[in-house]
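Written below as structure tokens is the structure these notes are about.
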Amino acid sequence: MTLCALLLLLCGCSSGDRFREVAIEEPYAHKVDSVLSLMTLEEKIGQLNQYTGNYQATGPVIDDTTKIEQIKKGRVGSMLNIKGAHQTRELQEYAMQSRLRIPLLFGLDVIHGMRTIYPIPLGEAASFDLDLIRRTAAGAAREAAAQGVHWTFAPMMDISRDARWGRVMEGAGEDTWYGTHVAQARVEGFQGKSLADVSTVMACAKHFAAYGACIAGKDYNTVDMSLLTLHEIYLPPFRAAVASGAASFMNSFNDLNGIPATGNTYLQRQLLKGDWAFNGVTVSDWGSIGEMVAHGYVPDLQEAARAAILAGCDMDMESRAYVSGLQELVEKGEVPEAYVDDAVRRILLKKFQLGLFDDPFRYCDPEREAQTVLCDSLRMLAREAGKKSVVLLKNDNAALPLKDFKGKIALIGALADSKVDMRGSWANEGIVEEMVTVREGLEARYGKSNVIYADGYDLETNRLQLPQALNAARRADIIVVAVGERYFHSGEAKSKADISIPKEHQELVSALKGTGKKVVTLLMGGRPMIFDEAAAHSDAVLLTWWLGTEAGNAITDVLSGDYNPSGKLPMTFPAHIGQIPIYYNYKSTGRPESKQRGYTCCYQDIDFEPAYPFGYGLSYTTFEIDAPTLEKREWGLDEEVVVKTTVRNTGSCAGKETVQLYLRDLVGSVTRPVKELRGFRQVFLQPGEETEVSFTLGKDELGFYNADLEYVVEPGTFCVMCGPDSKNVKSAEFELVP
Ligand code: BGC
């Protein structure tokens, strides 16, 4: 414990606001404290200050020509939106002119790749392949680090049950258990084994917390939820991120139960830095300290600074609240200096761990940059990730694959040849010209003269170009049509009240179906969409998200059957907008929904079933998954329950199935969802082959938070279900006995 903290404790300041000083281990403790002891208060506050560079602003940018002077004076600890070996070196050189030569930390939103672009995170989550997810994060880190970046503001681990929210594209979807595993894989991928490795970057668990539950799916909106739901549904990925060693956390824009997350002591001091013993850095979201004024939580920027630092927010991204107001608050004794010291220690620790004090320029190597970006191995990884993210939603009469196909393909839809739309949003250094479109992919695979392309609609206005589309269709043997969202229709500040694809796109698919030819629809977008008419008029539908650099090749791999699709939906696709929020792990209620409706939990005017359930995705082959078996009915509370099932390939080609295990605790001290994903296994089987799959259910799978927010496993009857998705399951029961 430092002297400051000791004094603070003696003054009694540590009680109500739950201040707990970060525990730093040797050899870093000594180094960090020796730097801290040399710093003036102004320099300390400088370390908490983060400014943006001139790239990709997602909020209001303050026009400030003095940033370089401030860096030289030690008044800036970190910059975001700075990249490239040259640019980062230039800025770091300014930092080296400051009195204590404390290096700058460079942060950037490396969301799904840096120069090589991988599928958008929601799309990649459909792969249900944690190893792949870890590898793409590592690939992104390698490129970002080679471009001078130390810190990515990713992964976003917000659980979201509302497809209207534009940022669903950045996360892993609606399920907490799966989202937790994805969050861990991404943190591990970004950070590798050690931050000292120059090809890794600091991860940032964001947005803390519950940002995905914004009311009505409107970005930045208020969140109001029970603590039980917060702990059960929204916090687990974050807690797991701490366990995986996430170097940083970003708080969120939203107000949570009346207190903005940025000024939320319960979240940041009590849970994160207290109960979970997080020793990394917390950064505000863009301007979110200052936005507490607009929330009506504090009267001015200085009070915002006070609320944020007391609540445990270490770094101020673009509010300038700390750099303008904190010094006076400390000097007047209104904010104990120990709070500032604690935040500074956390930041210095990361700078030491990254090796920046040894060599502030170790990430600024133009040669490494040139060798790493868009190298062949990363492109191959992008193609692998792309094809594994595609979800086959429909395939009537084996319309796909186009194996050994010798005819002509009519490729229709401007999205199929739009490079910028292959890339998706938050695409960083991904250069538009480097994206492979579907048209290019198909032409490379089937020959240019065999692909008859037509825009079908205007990309900007969606106005249909039917004669041209129908003409192409008539000259071909099969029709492939691309419909859906443009890249800027999902992402931050891209909430939508209507998640249907453009009506013109639906009309186009219907008109093409009128030719009597087979229609294969490629559905592109960053969220669950409603496309009922298009689906009805398609023989096959592939959900292709935005797949990044290798999109066109990856989609062609799937269309051709070179890769048999294996993706599964990480979010429920609603049948109707009015069903939102819709998710598979809802609670039973006292009047469970019923097809007869009556006085049950239903709508009068629409069905309660989604268009496609969570976990859904077909293959070019078929699988059969048996009902689960257990070797006994009764299991002790401390035992690990072993559940087995057999899966067999009943179709005619080899393929991969994701066997999913769901659990229901039939009676709990708090009500339990009708089913919760608690395991999945991917198996690759030849036609006719079968294999046994085994799951082990321990405390992490069997328990839940009770009314006192304690994690408990309660005795009683459980229903265990296995299947290819959350709806088509077979079940068995077992008892947990004390
Ligand atoms: C977003 C964050 C992002 C930050 C910096 C904000 O608007 O909410 O997720 O990391 O900008 O770009």
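The values are calculated or read from the model by the stated rules, or taken from the named source; none is laboratory data. In this text, all values refer to a predicted model and were calculated from it rather than measured experimentally. Positions of Cβ are backbone-derived with ideal geometry, glycine not excepted, and every protein chain shown enters the neighbour counts.
Out of all the residues in the range 175-182, is one or more within 12 Å of the ligand (Cβ to nearest atom) and aromatic (F, W, Y)?
Within the range 175-182 (the criterion being within 12 Å of the ligand (Cβ to nearest atom) and aromatic (F, W, Y)), the answer is no, since none of the residues qualifies.
Give the residues of the range 189-215 that are away from the ligand (no atom under 16 Å from the Cβ) and in contact with a Ser or Thr (Cβ under 6 Å, 6 or more places away or on another chain), sorted by residue number.
Residues satisfying the conditions are Q191, G192, I215.
Suppose the filter is surrounded by 20 or more Cβ atoms within 10 Å (Cβ to Cβ), more than 16 Å from the ligand (Cβ to nearest atom) and at pLDDT 95 or above; does L301 pass it?
For L301, the condition - surrounded by 20 or more Cβ atoms within 10 Å (Cβ to Cβ), more than 16 Å from the ligand (Cβ to nearest atom) and at pLDDT 95 or above - is not met.
Among A154, A125, A137, A145, which is the only one that is surrounded by 24 or more Cβ atoms within 10 Å (Cβ to Cβ), within 24 Å of S78 (Cα to Cα) and more than 16 Å from the ligand (Cβ to nearest atom)?
Residue meeting the stated conditions: A145.
Basic (K, R), surrounded by 24 or more Cβ atoms within 10 Å (Cβ to Cβ) and within 16 Å of the ligand (Cβ to nearest atom): does that describe K218?
Considered against the rule, which asks whether it is basic (K, R), surrounded by 24 or more Cβ atoms within 10 Å (Cβ to Cβ) and within 16 Å of the ligand (Cβ to nearest atom), K218 comes out as no.
I'd like the residue in the range 255-276 that is small (G, A, S) and closer than 16 Å to Y339 by Cα and, out of all such residues, is nearest to the ligand (Cβ to nearest atom).
Ranking the candidates gives G263 first.
Tell me which residues, restricted to the range 277-295, are within 12 Å of the ligand (Cβ to nearest atom), in contact (Cβ under 8 Å) with a residue 60 or more places away in the chain and either over 23 Å from the mean Cα position of the chain (by Cα) or assigned to a loop (DSSP other than H, G, I, E, B) (or both).
Within the range 277-295, D285, W286, G287 meet the criteria.
Could you list all residues from the range 414-443 that are within 19 Å of A370 (Cα to Cα) and either part of a helix (DSSP H, G or I) or polar (S, T, N, Q) (or both)?
Listed by number, the residues that qualify are N428, V432, E433, E434.
Pick out the one residue from D365, D359, D396 that is of a type in the set (D, E, K, R) and in contact with a helix residue (DSSP H, G or I) (Cβ under 7 Å, 6 or more places away or on another chain).
D365
Please pick out the residue among R239, R142 that is part of a helix (DSSP H, G or I), within 18 Å of the chain's Cα centre (by Cα) and at pLDDT 95 or above.
The unique qualifying residue is R239.
Would you be able to say whether some residue in the range 199-218 is over 26 Å from K496 (Cα atoms), assigned to a loop (DSSP other than H, G, I, E, B) and free of Cβ contacts under 8 Å to residues at least 40 places away in the same chain?
The answer is no, given that none of the residues of the range 199-218 is over 26 Å from K496 (Cα atoms), assigned to a loop (DSSP other than H, G, I, E, B) and free of Cβ contacts under 8 Å to residues at least 40 places away in the same chain.
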